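Undergrad: So that we are looking at the same thing, I have put the structure below in structure tokens.
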Amino acid sequence: MTDNASKSPAANGQGQAMWGGRFSAKPAELMQAINVSIGFDKRLWAQDLAGSRAHARMLISQGVIASSDGEEILEGLARIEDELATGSFPFRDEYEDIHMNIEARLRELIGPTAGRLHTARSRNDQVAVDFRLWVRDAADRSAAQLAELQKALLAQAETYADALMPGFTHLQPAQPVTFGHHLMAYVEMFGRDASRFRDARARMNECPLGAAALAGSPFPIDRHQTAASLGFDRPTANSLDSVSSRDFALEALSAASITATHLSRLAEEIVLWTTPMFGFIKLTDAFTTGSSIMPQKKNPDAAELIRAKVGRILGSLTTLTVVMKGLPLAYSKDMQEDKVPTFEAFDALELSLLAMAGMIADLTPNTEKMAQAAGAGFSTATDLADWLVRELNMPFRDAHHVTGSAVKAAETKGVDLAELSLAEFQAIDPRITDGVYAVLTPAASAASRMSYGGTAPAQVRAQIARWKETLA
């Protein structure tokens, strides 16, 4: 996909080259092999037809082509759409890309009138609008799939808003939280991911069609009309920028990479939680696989594959960034390399989002095992320190020291904090009363975290209600 003066001559099916009369010799086979893009850019056929219809209707309304010619072109495009939709369209490598394949087929169907469709446009602005339309659709799909994943998380979070589990820092038990609160953390992350796709969509929603090769068109075209008919907010304002920029794809790939990173983190937790050492959740056979040699194995392969997809998606962002980093204005053939990584990244992201939503709906937590683990590692130590501050008016740093001494005593004795006797507590600080035991259970610890966004079940349910309303 490139400007009209830099590609090998492709026949139009009637013995005439699709472009230019400058070249008399056929391209070398290797040149043809490296130049052809129809193998991957055929995915743009729906966008290419949409752009061509919008362009044809604008040419008719502006009097650039006769209405009869325009209607014949539109009828031909409708026939081509049927062929593409049913799989009967004759893709041919000699026409190089999706644009020339469609134009050549149009000429076969309606004759020389097909040549009028390319008036006032170039393949440079044609591919720019096609690709922008495709990336816009991909961003919309990603945002919608993220919403479905959030709904799956919300359903589990609501069911288990009271279920205790350990909260971790450094993967060490830190403070008790609830399973619902933990899942809601990912609802927040994926909400930001969706907003990044919406933000990227808003910036990319300008139409490059009509910029032509790089300098605009001398024909009396109406770029606002084509922009509106394709659902864009406005036409792009600079013809050079219109055909040479791919930052809309870079931004979408950046949003995809961040989303994949969040998916990978959740996938890693699912992998950990399904191990016998954790035993926090179970997945059904729908999202696990077995071993060819070890009959007892039940592997969380779906989660592991999602965890790995970030490499492919981030790699796509890196690939396109490197392609674009040194290109002068305007179009260069390097930019043909923009599509494969973008297609691959969004294919991987879509599969990951759908699989993760399925896994979240599928999992069943072991609430007893999680609750038991919630009190491990002296996880209520901070609650003891907070109690000393509230009840004894002790400065927090002093309370931190007293609590550390209590943890050391419990560790030496091989018991939890709640199992120390009052005499043992008072040996550390005689002002401690038996009221301290009320805060030394994981349930009391979680319930006390009533600050906005905290893990108290009431707060978790408030956030669930907010997100339900938002997603509705």
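Undergrad: What net charge do the residues around Ser292 carry, taking every other residue with its C-beta under 15 Å from that of Ser292, with Lys and Arg at +1 and Asp and Glu at -1?
TA: With Lys, Arg at +1 and Asp, Glu at -1, the neighbours total +1.
Undergrad: If you average the sequence gap of Cα pairs under 8 Å that are 6 or more apart and divide by the length of the stretch 375-471, what percent do you get for the contact order? Could the numbers behind the result be given before it?
TA: On the way: 85 pairs, mean separation 24.4, N = 97.
Contact order relative to length: 25 percent.
Undergrad: Sticking with this one: What ranking, highest mean first, results for peptides 356-363, 181-188, 410-417 when packing means the other Cβ atoms within 10 Å averaged over each residue?
TA: Packing proxy ranking, top to bottom: 181-188, 356-363, 410-417.
Undergrad: Nearest 10 degrees, 0 to 90: what angle lies between the long axis of helix 381-392 and the longest principal axis of the chain (Cα atoms)?
TA: 60
Undergrad: Ignoring ligands, DNA and RNA, what percent of the 1.4 Å accessible area of the chain is carbon and sulfur? The partial results should precede the final answer.
TA: On the way: 11570 of 21380 Å².
Carbon and sulfur: 54 percent of the exposed surface of the chain.
Undergrad: Right, next: Under a point-charge model restricted to the Cβ atoms of Lys and Arg (+1) and Asp and Glu (-1), what is the dipole moment magnitude of the chain relative to its Cα centre, in debye to the nearest 20?
TA: My answer is approximately 480 debye.
Undergrad: Per residue, how many Å² of accessible area does the stretch 128-205 show with a 1.4 Å probe?
TA: Using a 1.4 Å probe on heavy atoms only, each residue of the stretch 128-205 averages 36 Å².
Undergrad: Right, next: With θ set to phi - 60° and the Karplus curve 6.51 cos²θ - 1.76 cosθ + 1.60, what are the ³J(HN,Hα) couplings of the stretch 393-404 in order, to the nearest whole Hz, using x for Gly and Pro?
TA: 6, 7, x, 4, 5, 5, 5, 4, 5, 4, 4, x
Undergrad: Can I ask one more? Under a 5 Å amide H to amide H cut-off, with H placed in plane at 1.01 Å, what residues pair with Ala163 once short-range neighbours are removed?
TA: Residues meeting the criterion, in which the H sits 1.01 Å from N, are Phe179, Gly180.
Undergrad: What fraction of the DSSP beta bridges in the chain is antiparallel, stated in percent and rounded to the nearest 5?
TA: Taking every DSSP beta bridge with both residues in the chain, the antiparallel ones total about 85 percent.
Undergrad: Specify which residue in the list Gly315, Ala174, Leu154 is farthest towards the positive end of the charge dipole of the chain, using unit charges on the beta carbon of Lys, Arg (+1) and Asp, Glu (-1), about the Cα centre.
TA: Gly315
Undergrad: Towards the positive end of the charge dipole of the chain, with charges on Cβ (+1 Lys, Arg; -1 Asp, Glu), say which of Thr86, Asn366, Ala139 has the farthest Cα.
TA: Among Thr86, Asn366, Ala139, the one farthest towards the positive end of the dipole of the chain is Ala139.
Undergrad: All other residues with a Cβ under 14 Å from the Cβ of Ser67 taken together, and with Lys, Arg as +1 and Asp, Glu as -1, what is their net charge?
TA: Net of charged neighbours comes to -2.
Undergrad: Place the peptides 124-133, 233-242, 271-280 in order of packing, highest mean first, counting for every residue the other Cβ atoms within 10 Å and averaging per peptide.
TA: 124-133, 233-242, 271-280
Undergrad: Too long at a 20 Å Cα-Cα cut-off: which of Lys42/Lys333; Lys309/Lys333; Lys42/Lys339? It would help to have the intermediate numbers written out before the result.
TA: Values: Lys42/Lys333 17 Å; Lys309/Lys333 28 Å; Lys42/Lys339 11 Å.
Check vs 20 Å cut-off fails for Lys309/Lys333.
Undergrad: What percent do you get for the relative contact order of the chain when only Cα pairs under 8 Å and 6+ apart count?
TA: Relative contact order comes out at 17 percent.
Undergrad: Another one. Could you give each residue of the stretch 252-259 its phi-based ³J(HN,Hα) in whole Hz, using Karplus coefficients 6.51, -1.76, 1.60 with θ = phi - 60°, and x for Gly or Pro?
TA: 5, 5, 5, 4, 5, 5, 5, 4
Undergrad: By average Cβ neighbour count within 10 Å, what is the ranking of 61-68, 461-468, 369-376 from highest down?
TA: Numbers: 61-68: 13.9, 461-468: 15.8, 369-376: 19.2.
Top of the packing list down: 369-376, 461-468, 61-68.
The values are calculated or read from the model by the stated rules, or taken from the named source; none is laboratory data. Model, not experiment: these values are computed from the prediction. Methodologically, a virtual Cβ is constructed for each residue, glycine included, from the backbone with ideal geometry; neighbour enumeration extends over all protein chains shown. Keep in mind that these areas ignore ligands, DNA and RNA; they rest on the heavy atoms of the full protein, side chains included. Shrake-Rupley method; radii C 1.70, N 1.55, O 1.52, S 1.80 Å.
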